[in-house]
Each structure stands twice: as structure tokens, then as C-alpha cells.
Amino acid sequence: MIRPSMPRLRQLRVVSLVAAGLLVASVMVAPPSSAQTAPQAAPSTTVDTTNTIPGVDEIVSSPNLRQIANVPKVAPLDATNSDIAFQGKYAFAGNYNGFVIYDISRPSAPQVVSRVLCPGSQNDISVEGDLLFLSTDSSRSDDSCNSTAQGADVKGSWEGMKIFDISNKANPRYIKSVETACGSHTHTLVPGKDRRNVYLYISSYSPRAEFPDCQPPHDSISIVKVPLKKPTDAAVIATPNLFPDGGFPGSDTGSATTGCHDITVYPSKDLAAGACMGDGILLDIRNREAPRVINRVRDTVNFAFWHSATFNNAGTKVIFTDELGGGGAATCNEAIGPNRGADAIYDITGRGDHRKMVFKSYYKIPRANADTENCVAHNGSLIPVFGRDIMVQAWYQGGISVWDFTDSANPKEIAFWERGPLAIDRFVGGGTWSAYYYNGHIYSNDMVKGLDVLKLTDWRTWTAELVRFKDLNVQTQGHYPGW
């Protein structure tokens, strides 16, 4: 999570920032790299979108974004890579077989500190202090890290949250499990106002009558309360129904709402946005144990699966992603077009319970991908730029896109980086699952290729270099200073 407290800025006076801005584009350089990258020119103010589809594993990028490191996956954590969290000099990367802790004190040369084998997709991950939280959304024989796959129709099967003690980064200890209805596809860490507890908002979906622990209609989320001084007392304390009148019933082009896929919270503003399959919702979270829906939107024309959400820094906009095809299809092509499998930008108008989300535009990467590449809008984060709304985002095999949505109605890409397809003659899934900005660099967890580190050098984002966070769970947004 980004802590709600003010980020620590380098000791520079504001008046000097303006002067420095005139020079920064020419003096900021990334560390040297041994990674294979495309030839780089001087940073540009425009992005060339006329590139052809690169060859297998070939890397192409705009001149202002380049790879500086890659750490490949190794057994036994050679399953699909998933989400990333950060704390101090460490990155915590999820994998369907467990998680990896990296020392990123030298971003150009990340070092593996430990690998933890604990199968259970997707292993969505977050950290708080000495605790690491891991989601399990695949039915298992028990709650241990030695479990095996077992059908959800078996009453004794287990899915839910796992908690690890990471006070010793080289030797994390599994200390607690909490079973939740329909498992935990994703979770969102919400700091308690008393600072003695944290809450986990658990998103899960797809109930079936034959699943004893995942019964329809499942219009709820699970809330797990974790006492920070005694995390082994963690337990489900509420299952609020977010859709008492029912969610979107589904259509030929859109998923029915049977739970939520992901929730992003903005604790300092007591606000949250839920991406809930067929619905996008805005929530009041002043009472952490009883979030309330204050506005709901649908897009029955272009959205198939409401996947995730991101606020701008001011909390006046929210971006929802549409994971058309579930991340397993080629949707970045002319046949699908620019408005499906894309981001949707909404302005938030009004105050209090009268706040509403007003649609402004779609954003999708402006390059066509091969039909052998899965590509769709996926996980990203704000880049902490002063005075503008800029985001970095993963698009599976569509790569990484940096885009400016300061003008909600006219979003524009300012940088990109991507690998070519994993195969040219057949469909092979892969690509970047998460692409997040953290303390001067972009970190990407590629499902197949491992951890990538990139450096963005652009005059529009230079002020982000002045912001440093103690930790970062992207779905727990914090505020950074603006002009």
C-alpha cells in the first residue's frame, strides 16, 4: 500500500524545481543494462505508433522508455507470474506457485532474496509491515503450502487468504489462513483508522449451486480484519451485500455480476472503486467494516468484464479496465477496434452521497498486435507526476503503455515498450501482468519472461523522480503532493 501519510520528497525547494525542469530531460539517464533492448534514440515528445509487429521475443519501444534488467523465472516458481507489491528496497512478486522477494536497491540488478513455494492461483499479493497477504482462488485439498488441487464441489476443499510473517525476508513464515466464500481472486488492503488493524476486502466471483462454499447469488465481498499485533487472530468480520437488488444479469457481450473482480481504495478520501464483472461501483468506506455503494455505472456496448480500477491523484477521476476475453484472447487488433478491451475514463462529479461517475472516453494502445498474442487492458498504476494525470499500464503481450489522461476526453500515449509474440505460427499466452511505477522505475511481472525493470526518461514525468514512497500496494492508493 502507499501509506496515507505524505511521501518524503528530496530536500529541494519548490522554486528550484521549476528551474530544474528546464534541464532534467537532458541530464536524467538510467543505469547501464545488459538486457537486450531495441536501439534507443534521444527522448522524444511524441510516440511513433507506426511500428510493425516485432518478431518472436524481439523488443521494441519508444525512445523514452527502455529496459534495464530482466530476472527470468526458475523452478519451482515457473508457473504464471501475477501481481507485485513493494516495501522499502524490496519487491514482492506473485506467482501461481508462490511468491518471490527481490532486493531492488539496484534496479538495474535485482537480486532474489527468497522464493516461497505455496501453490494456489492467483497468489495476488500485498504487504503491510512484517506481514504479507496472499490470495488463493483455486480449490485446494487444505490450507497448507503442500496442498493439492481438489474440486470446489467437495465440502472439505479450501480457498481464501494466507498470511506470512516476512520480518526475515530470507525466510518468510506462513502463520495464518482465513477461508472466504468463493475463495480470494484478489484482495485489497485497507488501513484501519485506529492504525491497530488492517482490513482485507476480498473479491471473488462465479458461484455455482454445486459448490458448498460458493453459493449463488454471491453479490457480496468478504472483509477480513487483521490485528497488526496479533495477526493470527485474523478473521472474516463482515460480508456486505453490494448488490441487494442484483447486479448486471449478463448479455451476449457482457459478464453477469456475481461478485467483484477487484477493488481499489483511496483511504485518505474514504473512497473506493469496485470493478465487479458487469458493473462499476463507487463506494464510501468511512466505516471500513461497512462500505456503502453510492454510485453504479454499466457499459453494455463496449465493456465485457469490469476488471480493475485506478483513481487519479485528486480523486476526481476513475479509470476502469475491461478484460475482454479474460486475458486469454487477441483483442488488440483491427477486428476488435479501439473501444473494446480498453480503459474507460470517468470523471467523478458532485459531493458525498451525490457523487456520480460520468463517462468521458476510452483509451487503448494505438498499435495492432498479432492474432497469436493475448492483449487487453490489465494492471497499472499512477506515475506520481505533479499537476498531471499519467499512468503506466500492462497489456499482456501488448506490452507496457504510459499514457496521459489529464484531459479525460482526449487520453494520449506518451511511451511504450513491448516484446514480440511468444510464437508466430500459433497462439501462446503470456506478456506483462502488472506494470507499476515505484521510486523512479517501472517494474513489470511478465507471466512467462520474469521480472522486467524499465526506465522512463521524459520531460512530462520528471517530477515523479522527486517522490519516494515507503511502500506500495497499488490497489491501496495514497496521495502525493501536487502543485
Failed item in (1) over 24 Å from Pro119 (Cβ atoms); (2) without any contact (Cβ under 8 Å) to a residue 24 or more places away in the chain, with Arg173 passing the rest: (1)
Among the strands (runs of 3 or more DSSP E) lying completely within the range 231-277, list those that include at least 2 residues that are under 30 Å from Phe164 (Cβ atoms) and open to solvent by less than 30 Å² (accessible area, probe 1.4 Å). 262-266, 271-276
Long-range neighbours under 7 Å by Cβ, at least six apart or interchain, first residue more than 24 Å from Ile345 (Cβ to Cβ) within the range 278-298, second open to solvent by 70 Å² or more (accessible area, probe 1.4 Å) and part of a strand (DSSP E or B): Glu289/Ile237
Residue check for Ser62: under 21 Å from Cys332 (Cβ atoms) and either open to solvent by less than 30 Å² (accessible area, probe 1.4 Å) or modelled with pLDDT of 95 or more (or both): yes
Name, by its number, the condition in (1) open to solvent by 10 Å² or more (accessible area, probe 1.4 Å); (2) in contact (Cβ under 8 Å) with a residue 60 or more places away in the chain; (3) among the charged types (D, E, K, R) that does not hold for Lys360. (2)
Elements of type strands (runs of 3 or more DSSP E) in the range 389-458, at least 3 residues being among the hydroxyl-bearing types (Ser, Thr, Tyr) and at pLDDT 95 or above: 432-438
Scan (1) crowded, with 19+ Cβ neighbours inside 10 Å; (2) under 18 Å from the mean Cα position of the chain (by Cα) for the single condition Arg460 breaks and write down its number. (2)
What is the residue count in the range 295-314 for residues that are among the β-branched types (Val, Ile, Thr) and either closer than 25 Å to Phe386 by Cα or surrounded by 18 or more Cβ atoms within 10 Å (Cβ to Cβ) (or both)? 2
Being surrounded by fewer than 24 Cβ atoms within 10 Å (Cβ to Cβ) and under 21 Å from the mean Cα position of the chain (by Cα) narrows Asp371, Asp353, Asp347 down to just Asp347
Quick one: which of Gly94, Gly120 is assigned to a strand (DSSP E or B), touching a residue at least 40 places away in the same chain (Cβ under 8 Å) and either crowded, with 23+ Cβ neighbours inside 10 Å or out of contact with any Gly (no Cβ under 8 Å at 6 or more places or on another chain) (or both)? Gly94
Could you tell me whether the range 469-483 includes any residue that is assigned to a strand (DSSP E or B) and buried (at least 22 other Cβ atoms within 10 Å of the Cβ)? yes
Those residues of the range 375-388 which are open to solvent by less than 10 Å² (accessible area, probe 1.4 Å), part of a strand (DSSP E or B) and of a type in the set (A, V, I, L, M), in sequence order: Ile383
Test of understanding: among Ser108, Ser126, which residue is of a type in the set (Ser, Thr, Tyr), part of a strand (DSSP E or B) and at pLDDT 95 or above? Ser126
Somewhere in the range 151-160, is a residue crowded, with 23+ Cβ neighbours inside 10 Å and either more than 19 Å from Gly259 (Cβ to Cβ) or among the acidic types (Asp, Glu) (or both)? yes
Options Gly337, Gly341; residue that is farther than 30 Å from Pro481 by Cβ, open to solvent by less than 10 Å² (accessible area, probe 1.4 Å) and not in a strand (DSSP E or B): Gly341
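The values are calculated or read from the model by the stated rules, or taken from the named source; none is laboratory data. All values reported here derive from a predicted model rather than from experimental measurement. Every residue, glycine as well, gets a Cβ built from its backbone with ideal geometry; the counts of neighbours run over all protein chains shown. To get the accessible areas, we keep the full protein, side chains included, count just its heavy atoms, and leave off ligands, DNA and RNA. Shrake-Rupley method; radii C 1.70, N 1.55, O 1.52, S 1.80 Å.
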